[in-house]
Amino acid sequence: MPLDPEDPLTLVLMVASAAIGGTLQYGYNLAIMNAPTTVSIRNCLEDYQVTLVWTIIVSIFSLGGFTGAFIAGPMTIRFGRKNCLLLNNIFLMSGAFLAVTSRAAGSFEMIIISRVLVGINAGISMNVQPMYFGESAPKHLRGAISLSSAVFTAFGVVLGQVVGLREILGSESCWHYLLASNAIPGFIQLLTLPWFPESPRYLLIDREDKEACLDALRRLHGCEGQSSELDEILAEQAQIKGMPHSRPWDLIRDQAVRWQLFSVIVVSSAMQLCGNDSIYFYASYVFKEAGISADKVQYVTIGTGSCEFTNLLIERKGRRFMLMGGFILMTVWAIVFTIALSFEQSISWMPYLRMTCIFTYILSFGMGPAGVTGVLPTEIFNQSARPAAYTIAGSMMWINLSYGLKDYCFVPFATVCLLSAVYVGMFLPETKGKSLSAITAEFHKLNFKELDDCHTVADKGQTLLRQMIYCKSLPTHSL
C-alpha cells in the first residue's frame with residue numbers, strides 16, 4: 001500500500017530506497033573488484049595476457065562511469081529524477097546477467113562489457129541521486145539528506161569488502177556470483193522507489209504540475225514546511241521562466257555562472273585527485289608491512305571503508321568549513337605519510353605510522369570532500385542549469401578516477417588538497433541554510449566584479465564631470 005502522505009518517515013524511506021540502488025552501487029562495485037582473483041580469466045588466456053586483461057576489466061569501469069555522467073543530464077530532463085534512477089537499473093541488470101553467465105561461457109569479453117554497463121549505472125546514479133535528494137529535501141535538511149549519498153557510498157564500500165571475503169563470495173568458485181551480486185540492491189530499488197514521489201521542483205518547474213508538486217511536498221515535508229518550500233520553488237520558477245535547459249557548453253560560455261561552474265569543477269576534480277583512491281590501493285601493502293598476516297589483511301581493510309562515515313557534521317558546521325577542514329587535514333596526513341615512506345628503512349615504527357595515516361586520511365576525506373561535493377551543484381545552480389552542471393562535475397570526477405599515478409606520489413596529493421582548501425576559503429561562499437537567490441547574489445559579486453568596477457569608475461567620472469559643468473555654469477564676479 002502507498003505510504004501515509006503525512007508520515008514523517010516518507011522522506012527517510014525515499015532516501016534509503018534511492019540510495020540502495022544508487023550511490024551504494026558505486027562503492028560496492030569498486031570494493032568487490034579487490035576480491036576476485038585473476039583465476040576467472042586464466043582458462044581463456046596465456047599467462048602473460050592475464051595481467052593486461054585484468055587491468056582492462058578493472059579500469060573499464062571508469063569509462064562506463066564517464067559515459068553515464070554524460071547521459072545523466074539529458075535523462076533527468078526527459079524522464080525526471082526518480083524515473084531516471086529506475087531506468088538506470090537496465091544497465092545494472094544487463095551487466096549482472098553478463099557477469100553471472102561469463103563463467104559458463106568462458107568469456108572474459110562478457111566480464112569487460114559487464115563492467116562497462118555497471119560503470120554507466122554508477123555514473124548516472126552519482127549524478128542523479130544527489131540532484132533528486134537536493135531538490136526533494138527541505139532547506140534546513142538539504143545538506144544532511146544530500147550527504148546520505150556519500151554515506152551510502154561508504155556503506156557500499158564496506159558491504160563490498162564484507163561480501164568479497166573468501167568465506168562469503170570472494171572464493172574461486174563464487175567469483176561470478178560476486179560480480180553479479182550488485183543486482184540485489186537494484187531489485188530492492190525497483191520494488192520500493194515507485195511508491196515515492198518525484199522531485200517537487202521537477203514537477204512544478206519542468207512539468208508545470210502544481211497539484212503533483214503540492215502532493216510531493218506534503219508527503220516529503222509535511223504540512224508545516226509545505227508553504228515556505230512552495231514559495232521558494234515558485235520564486236525560482238519565475239526567475240527562470242522561458243529559459244531553456246542549459247547544455248554543458250552553454251554553462252561554459254555563460255558569465256553569470258562562471259564562478260559557480262569553476263567551483264564545482266575544482267571541488268569535483270580535487271575529490272578524485274586528492275589521493276583517497278590511492279590510499280585504498282596502498283592499504284593492503286601498508287598493513288602487511290606493519291606485521292599483519294596476509295590472511296588477516298582482508299579483515300583489517302574493512303575498517304578503511306568504515307572511516308568514511310565521518311561526514312555527519314555538514315549540517316552543523318556548514319559546507320565551506322567542512323571542505324576546508326577536510327582538505328587541510330588531508331594535506332597534513334599526506335605529508336606525514338610521505339615522511340613515513342622516506343624513513344621506513346631506518347625507523348622501525350614507521351610502518352605503524354603509515355597505517356595510522358591510512359585511517360586518518362580516509363577519515364578526513366569522509367569528513368569534508370566526500371559529503372559536500374555532491375550537494376554543491378544543487379545549491380548553487382538553478383533548475384535549468386542543474387543537469388548540465390552535474391554532467392560537467394560528474395565527468396571531471398570520472399576522468400580523474402581513470403587517471404593513474406605511481407606509488408610514491410603523496411606530495412602532489414598534498415599540493416592538490418592545499419590548493420583546494422585555499423580556493424574554498426577564498427572564493428566559495430557558505431551555502432548552508434541559504435536560498436538560491438541569496439547564493440546567486442554572492443556569486444554575482446565574483447562573476448561581474450570587473451563590470452561592477454568599471455561601473456564604479458564610470459559613475460565617479462560622471463559625477464566629476466557634472467561637478468565641473470556645474471562649476472563652469474556659475475556666474476563669475478570680478479574683484
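The values are calculated or read from the model by the stated rules, or taken from the named source; none is laboratory data. What you see is a predicted model, and the numbers here were worked out from it, not measured in a lab. Positions of Cβ are backbone-derived with ideal geometry, glycine not excepted, and every protein chain shown enters the neighbour counts.
Summary table
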{"item": "Wholly within region 391-475, helices (runs of 4 or more DSSP H) carrying at least 1 residues that are among the aromatic types (Phe, Trp, Tyr) and at pLDDT below 55", "result": "449-473"}
{"item": "Top-ranked residue in region 140-191 [being hydroxyl-bearing (Ser, Thr, Tyr) and either touching a His at 6+ places or on another chain (Cβ under 8 Å) or not in a helix (DSSP H, G or I) (or both); ranked as surrounded by the most Cβ atoms within 10 Å (Cβ to Cβ)]", "result": "Ser181"}
{"item": "Any hit, region 114-121, residues being charged (D, E, K, R) and closer than 16 Å to Ala389 by Cβ", "result": "no"}
{"item": "Neighbours by Cβ (under 8 Å, 6+ apart or cross-chain): first from region 68-88, outside any helix (DSSP H, G or I); second among the basic types (Lys, Arg) and modelled with pLDDT under 90", "result": "Gly80/Arg207"}
{"item": "Residue list for region 207-231, restricted to those being in contact (Cβ under 8 Å) with a residue 60 or more places away in the chain, in contact with a helix residue (DSSP H, G or I) (Cβ under 7 Å, 6 or more places away or on another chain) and not aliphatic (A, V, I, L, M)", "result": "Arg218, Arg219, His221, Glu229"}
{"item": "Helices (runs of 4 or more DSSP H) wholly inside region 230-306 that include at least 2 residues being modelled with pLDDT under 80", "result": "276-289, 294-306"}
{"item": "Residues of region 139-163 classified as modelled with pLDDT of 85 or more, of a type outside the set (Val, Ile, Thr) and more than 18 Å from the chain's Cα centre (by Cα), total", "result": "2"}
{"item": "Residue selected from region 318-340 under the condition out of contact with any helix residue (DSSP H, G or I) (no Cβ under 7 Å at 6 or more places or on another chain) and more than 12 Å from Ala421 (Cβ to Cβ), by the criterion modelled with the lowest pLDDT", "result": "Gly318"}
